[in-house]
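Notes for the one structure printed next.
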Amino acid sequence: MPRPVNTEFDFKGVNHLALVCKDMKKTVEFYRDVLGMPLIKTIDLPRGMGQHFFFDVGNGDCIAFFWFADAPEAQPGISAPAHLPTSGKSISSAHGSMNHIAINVPAERFDEYHQKLLAKGIECTPVLNHDDSPMQVSAEVTPDVFVRSVYFFDPDGILLEFAAWTADLPRAHDVAPEWRTADDAARARQPEMAK
């Protein structure tokens, strides 16, 4: 099944995501020196307001970071997940927040890249082979697996994912006919009535 085509705008992908860091030096050391992303542009904002640095994440896309002298402290569990997937704890974050960044990696190098992260001392989840089973994850790569993932945090607690597509999407059953709403969330938070 071919991917749907946008007939409204001729999008060319993501130019950049703009995130906020606490320490630009640590951010550069992590993204450039540990993950190997080239630092391609740096901006010192006017009047000492901060900095804006851009890292090439491949395919012409960037991840960018702002450093603001007056930025509030991070709020894990609110502005970003507080835990790694597979920790057994919630990975939710607030409305309007960014939950995680999934960086596309080649499927044939996925296991190698996972081992590289571990060798660099980065705490990672086990490999998650996402499929259409009731648990939505498989211990092995099967024909139902559509993406392989491993998750880890950057120095500011931003949840990152290395993701490798293993199937062409969409397939006939890949788009849900029903979407959850704010009313569904409110109902889920209400305690069950005593019987």
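Observations
- Residue selected from the stretch 56-86 under the condition surrounded by 12 or more Cβ atoms within 10 Å (Cβ to Cβ) and acidic (D, E), by the criterion farthest from K26 (Cα to Cα): D61
- Unmet criterion (only one of (1) among the acidic types (D, E); (2) assigned to a loop (DSSP other than H, G, I, E, B); (3) surrounded by 12 or more Cβ atoms within 10 Å (Cβ to Cβ)) for D111: (2)
- Only listed residue being in the same structural domain as E29 (by TED's automatic domain parsing) and either touching a Leu at 6+ places or on another chain (Cβ under 8 Å) or of a type in the set (D, E, K, R) (or both), chosen from F68, F53: F53
- Restricting the stretch 117-168 to residues that are among the β-branched types (V, I, T) and over 24 Å from A80 (Cα atoms), the residue that is surrounded by the most Cβ atoms within 10 Å (Cβ to Cβ): V145
- Filtered residue count, the stretch 119-170, keeping only those that are among the polar types (S, T, N, Q) and not in a loop (DSSP other than H, G, I, E, B): 3
- Condition met for K22 (out of contact with any Pro (no Cβ under 7 Å at 6 or more places or on another chain) and either surrounded by 16 or more Cβ atoms within 10 Å (Cβ to Cβ) or of a type in the set (D, E, K, R) (or both)): yes
- Cβ-Cβ contacts under 7 Å between residues 6 or more apart (or on different chains), taken from a first residue in the stretch 93-111 that is farther than 12 Å from L17 by Cα to a second residue that is assigned to a loop (DSSP other than H, G, I, E, B) and of a type in the set (S, T, Y), are listed as S93/S79; A94/S79; S97/S79; N99/S93; A107/T166.
- Complete set of residues in the stretch 35-55 that are under 15 Å from L160 (Cα atoms) and buried (at least 16 other Cβ atoms within 10 Å of the Cβ): L35, M37, F55
- Qualifying residues in the stretch 87-106 (those that are loosely packed, with under 15 Cβ neighbours inside 10 Å and of a type in the set (S, T, Y)) - the one farthest from P76 (Cα to Cα): S87
- Residues that are of a type in the set (G, A, S) and touching a residue at least 24 places away in the same chain (Cβ under 8 Å), drawn from the stretch 31-81: G58, G60, A64, A71, A74, A80
The values are calculated or read from the model by the stated rules, or taken from the named source; none is laboratory data. The structure presented is a predicted model; accordingly, all values stated were derived computationally and were not measured. Neighbour counts run over all protein chains shown; Cβ positions are idealised from the backbone, glycine included.
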